[in-house]
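Asks: The structure under discussion is supplied below as structure tokens; questions concerning it will follow.
Since every read-out is calculated from the coordinates, none of them should be taken as a lab result. The model shown is predicted, which means the values in this text are computed figures rather than measured ones. Cβ atoms come from the backbone with ideal geometry, glycine included; neighbour counts cover every protein chain shown.
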Amino acid sequence: MKTISLFLILISLHSPIWTQDVLLTIGDAHHGLNRLEINMVSTQTIYGFQFGLEGLNLLYGEYAFDNQGVFISIDLDNNLIMGFGFEYFILPGSGTLCNIYLGEGEDAAVCLRDPLFIGLGGVPLDTQLGDCTFVDFAPTILPGDANQDDALNVLDLVIIINLILSGEALTPIEQYISDFNNDGTVDVLDIVDIVASII
Ligand SMILES: [Ca+2]
Ligand SMILES: [Ca+2]
């Protein structure tokens with residue numbers, strides 16, 4: 001009888017841990033890049049996820065947990081991050097789930113909200129969120145500052161011209177920095193505007 005009682009006590013002590021499948025927390029903030037790590041500890045296989053962010057506006061995100069073909073999609077209107085894979089899923093583990101980039105270089109209290117993590121058979125997993133975090137992103141990226149040395153000069157022009165001439169798809173951060181006039185494309189107009197602001 002004593003053994004059973006002790007067993008029940010142990011269950012009650014540990015049950016909060018047993019029922020939690022996923023813990024999602026705000027990780028390190030990277031100044032200059034306006035990048036915020038979102039970290040995860042998961043005991044379950046995850047087949048898709050979404051969560052919201054409050055405090056700062058999302059710009060884009062990149063999956064960081066492993067290289068198993070999981071895509072990140074951002075709902076800019078609702079400040080939601082979604083992750084899914086057509087053939088792959090996220091194995092249990094811990095680490096940075098994704099990096100998210102924020103458009104405004106302001107200080108703000110950032111909170112995670114409304115997590116929905118999907119497990120085997122489409123069943124929602126029990127997901128807990130970490131505390132809100134005060135994030136200081138100042139100073140932000142200087143538009144056109146391709147080498148991120150906080151100065152805009154001919155060195156940045158050379159980098160951006162080479163990016164344009166390469167014909168390769170730009171990474172989100174390259175796109176963000178190089179689109180000097182913020183019209184959604186990186187082209188000679190950005191070069192002209194950067195030259196005008198340097199001289
Ligand atoms: Ca520079
Ligand atoms: Ca542009």
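Asks: Just how large is the dipole of the chain about the Cα centre, in debye to the nearest 20, putting +1 at every Lys and Arg Cβ and -1 at every Asp and Glu Cβ?
Replies: Values: 3 positive and 27 negative charges, 237 e Å.
Charge dipole of the chain: 1140 debye, to the nearest 20.
Asks: About the Cα centre, and with charges only on the beta carbon of Lys, Arg (+1) and Asp, Glu (-1), how big is the dipole of region 20-136? Nearest 20 debye, please. Can you show the working numbers first?
Replies: Details: 2 positive and 16 negative charges, 58 e Å.
With only Lys, Arg, Asp and Glu charged at Cβ, the dipole is about 280 debye.
Asks: Quick one: divide the alpha-carbon radius of gyration of the chain by 2.2 N^0.38 Å and tell me what you get. Don't skip to the end; give the middle numbers.
Replies: Numbers: Rg = 21.4 Å, N = 199, 2.2 N^0.38 = 16.4 Å.
For the chain, the normalised Cα radius of gyration is 1.30.
Asks: Next question. Among Leu58, Leu165, Leu157, which one shows the highest mean-square fluctuation when the chain is modelled as a Gaussian network with alpha-carbon springs under 10 Å?
Replies: So, out of Leu58, Leu165, Leu157, the one fluctuating most is Leu165.
Asks: Pick out the long, greasy-scoring helices in the chain: whole DSSP H runs spanning 27 Å or more along their own axis by Cα, mean Kyte-Doolittle at least -1.0. Before the final figure, lay out the partial values.
Replies: Values: long enough: none.
Going by DSSP H runs, there are no hits.
Asks: With only alpha-carbon atoms in the gyration tensor, what are the semi-axes of the equivalent ellipsoid for region 154-198, in Å, largest first? Kindly include the intermediate steps, with their values, before the conclusion.
Replies: Values: eigenvalues 47, 28, 15 Å².
Semi-axis lengths for region 154-198 are 15, 12, 9 Å.
Asks: Add -39500 (n - 2.57) for each DSSP H run of 4 or more in the chain, then divide by its residues: what number comes out at 222 nm, to the nearest 500 deg cm²/dmol? Walk me through the numbers on the way to the answer.
Replies: Numbers: 4 runs with 49 residues, N = 199.
My calculation for the chain gives -7500 deg cm²/dmol from helical runs alone.
Asks: Here is a further query. Evaluate the Debye formula for region 105-199 with equal point scatterers sitting on the alpha carbons, no solvent, and hand back log10 of I(q)/I(0) at q = 0.17, 0.21 Å⁻¹, in q order, two decimals.
Replies: -0.78, -0.96
Asks: Which residue, Glu168, Glu62, Glu37, has the most motion in a Gaussian network model of the chain that connects Cα atoms within less than 10 Å?
Replies: So, out of Glu168, Glu62, Glu37, the one fluctuating most is Glu168.
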